[in-house]
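S.K.: Dumping the structure here so I can ask a few things about it.
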Amino acid sequence: HWYSFMLWGRLGYDLGVPSWRIEKLIAARFGLDDANAFRLFEAWQAASQIIPQVNRFHWRDWDFMWAPEGCLDQRNGFHDVRMFMEVPPMEASGIVSIPDYVAAVVEARPIQGLSPVDVSNRLEAHAHRALTGVAHLRGESDTAECTETLNDIEAMAHLGRYYAAKIQGATELHLFETTGKAAHRSQAVKHLQAAVDGWTSYARVAAAQYKPQLLARTRELDWWALLEDVKKDVTIAEQARTTRRP
């Protein structure tokens, strides 16, 4: 919170504040040298782009309709792979929905905008950047706050890996159900199994820092309990059927 409030205050007053100045403040806070302060700045920035990217792809209008940290909402619970096929992107975001993308692929039309695959790749890139930074920074500061901050960044990175794989899986599943080609179902299962791996890593890091708790938007947020819902996406893909002939 000190970091977000500081950014709001400084950038709200002067958008021209250079990144090196922010890095110097990070260095002073955590006792890091300039090189490691830069690494933390970069990793933190990358992790911070994950949830906004997910929200633009899987858009819900009201706060209670979507809590990306739990992949659920207040009324309906967990958002499974089929909801990711159905819920549209944020209006004017330039992102192509999964149904529109699949229709364009099937009809051999050019993709007008950011495809679901592009979104997945962006999330993977953010996650990789964040995890690389965390790996470099472990042990570079002896403050508990720095360790906990790195854990938060790592957790967000694994959440990004989860959503990257889930979006790929949802896209491949819709391609299978549209075309009848079994290879797409196989790819959907593969990606959704990768999503399970991403969520498992996310749960391991997040649950080590925070207790399961009742929150306004998420009902009971318990990452290990939600893993069972994550695994059901694999079953949905495995059991998917199509009326089209391969």
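The values are calculated or read from the model by the stated rules, or taken from the named source; none is laboratory data. What you see is a predicted model; the values in this text were computed from it and never measured. Every residue, glycine among them, receives a Cβ derived from its backbone with ideal geometry; neighbour counts consider all protein chains shown. The area values use the complete protein model at the heavy-atom level, side chains included, leaving out ligands, DNA and RNA. Shrake-Rupley method; radii C 1.70, N 1.55, O 1.52, S 1.80 Å.
S.K.: Counting only protein heavy atoms and using a 1.4 Å probe, what share of the accessible area of the stretch 181-246 belongs to carbon plus sulfur, as a whole percent?
M.R.: Values: 2120 of 4100 Å².
So the carbon and sulfur contribution to the accessible surface is 52 percent.
S.K.: Also, I was wondering about something else. Quick check on packing: order 118-126, 132-140 by the mean number of other C-beta atoms within 10 Å, highest mean leading. Working shown, then result.
M.R.: Details: 118-126: 20.0, 132-140: 16.3.
Packing proxy ranking, top to bottom: 118-126, 132-140.
S.K.: Which residues' amide hydrogens lie under 5 Å from the amide hydrogen of Leu114, considering only partners 5 or more residues apart or on another chain, with H built in the peptide plane?
M.R.: Those lying under 5 Å, H to H, from Leu114 are Ile95, Val96.
S.K.: Starting from the alpha-carbon convex hull of the stretch 198-246, give the projected area averaged over all orientations, in nm².
M.R.: Numbers: hull surface 20.1 nm².
Seen from a random direction, the Cα hull of the stretch 198-246 projects 5.0 nm² on average.
S.K.: I need the P(r) histogram for the stretch 56-109: all alpha carbon pairs, bin width 10 Å from 0 out to the longest distance, whole percents.
M.R.: 23, 48, 23, 7
S.K.: Where only protein heavy atoms count, and the probe is 1.4 Å, what is the accessible area per residue for the stretch 1-130 in Å²? Intermediate values should be presented prior to the final figure.
M.R.: Values: 7110 Å² over 130 residues.
Averaged over the residues of the stretch 1-130, the accessible area is 55 Å².
S.K.: Starting from 0 in steps of 10 Å, tell me what percent of the Cα-Cα pairs of the stretch 115-189 lands in each bin.
M.R.: Calculated P(r), rounded to whole percents: 20, 34, 23, 15, 7, 1.
S.K.: Projecting each Cα onto the charge dipole of the chain (Lys/Arg +1, Asp/Glu -1 at the beta carbon, about the Cα centre), which of Gln74, Val234, Pro89 comes out farthest on the positive side?
M.R.: Val234
S.K.: Applying the Karplus parametrisation 6.51 cos²θ - 1.76 cosθ + 1.60 with θ = phi - 60° to the phi angles of the stretch 46-63, what ³J(HN,Hα) value in whole Hz is obtained for each residue in order, glycine and proline being reported as x?
M.R.: Working through the residues one at a time gives 4, 4, 6, 8, 6, 5, x, 5, 4, 4, 5, 7, 10, 8, 10, 6, 10, 4 Hz.
S.K.: Pull up all non-local amide H partners of Trp59: gap of 5 or more, or a different chain, and H-to-H distance under 5 Å with H placed in the peptide plane.
M.R.: Placed amide hydrogens put Met90 under 5 Å from Trp59.
S.K.: If you don't mind, another one. Just check the stretch 20-118 against the gyration tensor rule for me: Cα atoms, a ≥ b ≥ c as the square roots of the eigenvalues, rounded for a/c under 1.5, and otherwise prolate or oblate depending on whether a/b exceeds b/c.
M.R.: Working: a/c = 3.52, a/b = 1.82, b/c = 1.93.
Oblate, since a/c reaches 1.5 and b/c is not below a/b.
S.K.: Two decimals, Cα atoms only, Kirkwood Rh: what is Rg/Rh over the stretch 160-242? Walk me through the numbers before you get to the answer.
M.R.: Numbers: Rg = 14.5 Å, Rh = 13.4 Å.
We get a ratio of 1.08 for the stretch 160-242.
S.K.: Per residue, how many Å² of accessible area does the stretch 156-231 show with a 1.4 Å probe? Before the final figure, lay out each step's value.
M.R.: On the way: 3210 Å² over 76 residues.
About 42 Å² of surface per residue is accessible.
S.K.: Starting from the Kirkwood radius over alpha-carbon pairs of the stretch 5-58, derive D by Stokes-Einstein at 25 °C in a medium of 0.890 mPa s and give it in µm² s⁻¹.
M.R.: Numbers: Rh = 12.3 Å.
Value of D from the Cα-based Kirkwood radius: 199 µm²/s.
S.K.: Here's something else I'd like to know. Give the Cα extents of the chain along the principal axes, in whole Å, largest first.
M.R.: Over the chain, Cα extents along the principal axes are 63, 38, 33 Å.
S.K.: For the chain, with the dipole built from +1 on Lys and Arg beta-carbon atoms and -1 on Asp and Glu ones, taken about the Cα centre, which of Phe38, Ala104, Ser19 lies farthest toward the positive end?
M.R.: Ala104
S.K.: List every residue whose amide H lies under 5 Å from the amide H of Leu72, counting only residues 5 or more places away in sequence or on a different chain, with H placed 1.01 Å from N in the peptide plane.
M.R.: For Leu72, whose amide H was placed from the backbone, the distant partners under 5 Å are Ala67, His79.
S.K.: A follow-up question, please. With θ taken as phi - 60° and the coefficients 6.51, -1.76 and 1.60, list the Karplus ³J(HN,Hα) couplings across the stretch 118-128 in order, rounded to whole Hz; mark glycine and proline as x.
M.R.: 4, 4, 4, 5, 5, 5, 4, 5, 4, 5, 5
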